[in-house]
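Right, one structure below, let's go through it.
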Amino acid sequence: MTLSQSTLSPSHPLVDGRTANSPLITAYRGGKPSRRPVWFMRQAGRSLPEYRELRVGTTMLESCLKPAMAAEITLQPVRRHGVDAAIFFSDIVIPLKLAGVGVDIVPGVGPVLDHPIRTAADVAALPVLTDESLDPIREAVALTVKELGSTPLIGFAGAPFTVAAYMVEGRPSRDHLGPRTMMHADPEVWAALMNWAADASGKFLRAQVEAGASAAQLFDSWAGSLGLDDYTEHVAPASARALDHVRDLEVPLIHFGTGTSELLGAMLNVGVDVMGVDYRLPLDEANRRLGGRVPLQGNIDPALLNAPWPVLEAHVRDVIAAGASAPAHVLNLGHGVPPETDPAVLTRVVELIHSIEP
């Protein structure tokens, strides 16, 4: 099926041609882009003074659900840094909030649920995320895409394991013992919870793509706490289910996790077009492990953003050299932008990357 035959609107940026030949989409599809594409995870947010000024008096979840504000925050780093993509400003627990699950993001802590989900009854009582509840997401994406022009917007969602881990623990955790125990001690409840999370994230992702996102990334922030067997048996099917919600839309699909060097092959096998690699594994080794099958995204070490420029420049050039073995390479960080990062450094990194012939 071609894009013109898919269920995307004729006015979608990929269909009407605005983003189809952009450096980012070209690289995601394994082609040779006109320049080296780069964007940064968490590029919109706490490192930008304009973001902090805009957010005064507004909670995190409120800012995600005010379409005009979410659109403006998404656009800020594109204007400032000249990156080759915007990443939609939202949060992985927004689908929970929109479904009616009691959740808030507590400053200095992270997502906290009113009631952790730990029993069959808890899972059975979870509300269904309705299509109508996602209207604020669609509106924010439409506003963003209208301003982006030929720069693609990347939609995103939390992978089911990461979402479920928050739901079981009720708050952030260092070791994720609760979900890791549940998948073995009560596998039926675990599977039901993972299916709920997969459908919530999948619907969230689909709303973004239908409204104008040109690619979609699934973030599995906590999958690195799992061994390969547990990931393959208890997690991968739900990640595939989440992505099933958008496969017919035929946008490039990216998968990224932290601490997942030993899981890369299994993460690829859920059915994605691009693999994100964190800072722990060189890209040439990642490409070897993946059999040279897919474009890679990554993996500048965020810690080096605060290093002297000669050190950071040498590191960026090393990352580019390591990524040259892959079918295509999109520059990014190996995790998110630290909040204390000097925005001028990110702009300089973008200029450096764009100055190097693809």
Output yes when any residue across region 255-271 is crowded, with 19+ Cβ neighbours inside 10 Å, under 23 Å from residue 23 (Cβ atoms) and more than 17 Å from the chain's Cα centre (by Cα), and no when none is. no
Here are some conditions: (1) among the polar types (S, T, N, Q); (2) surrounded by fewer than 23 Cβ atoms within 10 Å (Cβ to Cβ); (3) in contact (Cβ under 8 Å) with a residue 60 or more places away in the chain. Residue 162 meets all but one. Which one does it not meet? (2)
Just name the residue that is nearest to residue 15 (Cα to Cα) out of those in region 165-182 that are free of Cβ contacts under 8 Å to residues at least 24 places away in the same chain and outside any loop (DSSP other than H, G, I, E, B). 179
Do the conditions hold for residue 241, that is, is it without any contact (Cβ under 8 Å) to a residue 60 or more places away in the chain and charged (D, E, K, R)? no
Filter region 184-205 down to the residues that are out of contact with any Pro (no Cβ under 8 Å at 6 or more places or on another chain) and surrounded by 23 or more Cβ atoms within 10 Å (Cβ to Cβ), then identify the one that is nearest to residue 24 (Cα to Cα). 205
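The rows are residues; the columns are (1) of a type in the set (Val, Ile, Thr); (2) crowded, with 17+ Cβ neighbours inside 10 Å; (3) touching a helix residue (DSSP H, G or I) at 6+ places or on another chain (Cβ under 7 Å); (4) part of a helix (DSSP H, G or I).
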site	(1), (2), (3), (4)
311	yes, no, yes, yes
317	no, no, no, yes
330	yes, yes, yes, no
344	no, no, no, yes
Only one of (1) under 30 Å from residue 105 (Cβ atoms); (2) of a type in the set (A, V, I, L, M); (3) modelled with pLDDT of 95 or more fails for residue 44. Which number is that? (3)
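The values are calculated or read from the model by the stated rules, or taken from the named source; none is laboratory data. Keep in mind it's a predicted model, so treat the numbers as computed, not measured. All Cβ positions, glycine included, derive from the backbone under ideal geometry; neighbour counts span all protein chains shown.
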